Amino acid sequence: MQPPKTVGINHNAFVMWDPAATVKFYRDILGFPLVHAITAKGWGQDDHADFAHVFFDIGGGNYAAFFYYFDVEARDQRSKDYVGNGRHMALHCDTEEGLSAWHAHLKAHGVNVSPPIRHELIESIYFTDPNGYPLEITRPLRPMAAIDAADAELTVAALLETVATGNPSSADMWRRKGRMVAAALGQAA
């Protein structure tokens, strides 16, 4: 049985502890546009930290992505777990059929693979290699658009503001973003 094909890397993901420095470096110094941001209350397990996940376009249809975990200190045990799981390579396939073929192929070879999970612009399956490295195969649900980049800029602005308070939380970030959206629309928040 031949494995299905991927068409390269969609993104490599890492954890960031200093969002302001990360954004400055990747967006402002390297010139990689901020193109998407996902925010979530937890993830999978009940005790998973809330997070922001930001994507920079590094060219050629590839992205560098960074997680910021709320209420997780850089040196506590949970941070080590998040670094281990947050740092991953996501391979790109073009179609739903391709993702389904990968899922079936991995299962047929005894790989413990997640069911397909949809999040905003992509659908993904997750598994680990024999060394324990997390891998993802993802397909686009729709192309990224200018509205995604505009939303990402607002999300990151709100994230940077809440982190600067010294007591960041996802709820505070979302309140700040709500005020920014309302202001951009000319409405009172």
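Using a Gaussian network model of the chain with C-alpha springs under 10 Å, which one of Gly110, Gly59, Gly31 is most mobile by mean-square fluctuation? Of Gly110, Gly59, Gly31, the Gaussian network model singles out Gly110 as fluctuating most. Taking the three principal axes of the alpha carbon atoms in segment 9-143, the coordinate ranges are 43, 35, 26 Å, sorted in descending order. Where is the GNM fluctuation largest for the chain (alpha-carbon springs, 10 angstrom cutoff): Thr155, Thr39, Thr22? Between Thr155, Thr39, Thr22, it is Thr22 that shows the largest mean-square fluctuation. When the Gaussian network model of the chain links Cα atoms closer than 10 Å, the mean-square fluctuations of Pro168, Pro143, Pro134 top out at Pro143.
Quick check on the chain: helices-only [θ] at 222 nm, where DSSP H runs of length 4 and up contribute -39,500 (n - 2.57) each and the sum goes over total residues. Nearest 500, please. Kindly include the intermediate steps, with their values, before the conclusion.
Details: 5 runs with 62 residues, N = 189.
Value at 222 nm, helices only: -10500 deg cm²/dmol.
Shape class of segment 135-189 from the alpha-carbon gyration tensor: oblate, with a/c at 1.5 or above and b/c at least as large as a/b. Helix 170-184 and the long axis of the chain differ in direction by around 70°, with both axes built from C-alpha atoms. Simple spin-label estimate for Asp18 and Ala182 gives 3.4 nm between the two label positions (7 Å along the Cα-to-Cβ direction from each Cα). Dipole orientation for segment 9-143: of the candidates His48, Ala65, Ala37, Ala65 has the Cα lying most toward the positive pole (charges on Cβ; Lys, Arg +1; Asp, Glu -1). With a ≥ b ≥ c the root eigenvalues of the C-alpha gyration tensor of segment 1-56, is it rounded (a/c under 1.5), prolate (a/b larger than b/c) or oblate? The shape class here is oblate.
Here, each number is a calculation from the coordinates, and none is a lab measurement. This one's a predicted model, so the numbers in the text were calculated from it and none came from an experiment. Neighbour counts are summed over all protein chains in view; Cβ atoms, including those assigned to glycine, are modelled from backbone coordinates with ideal geometry.
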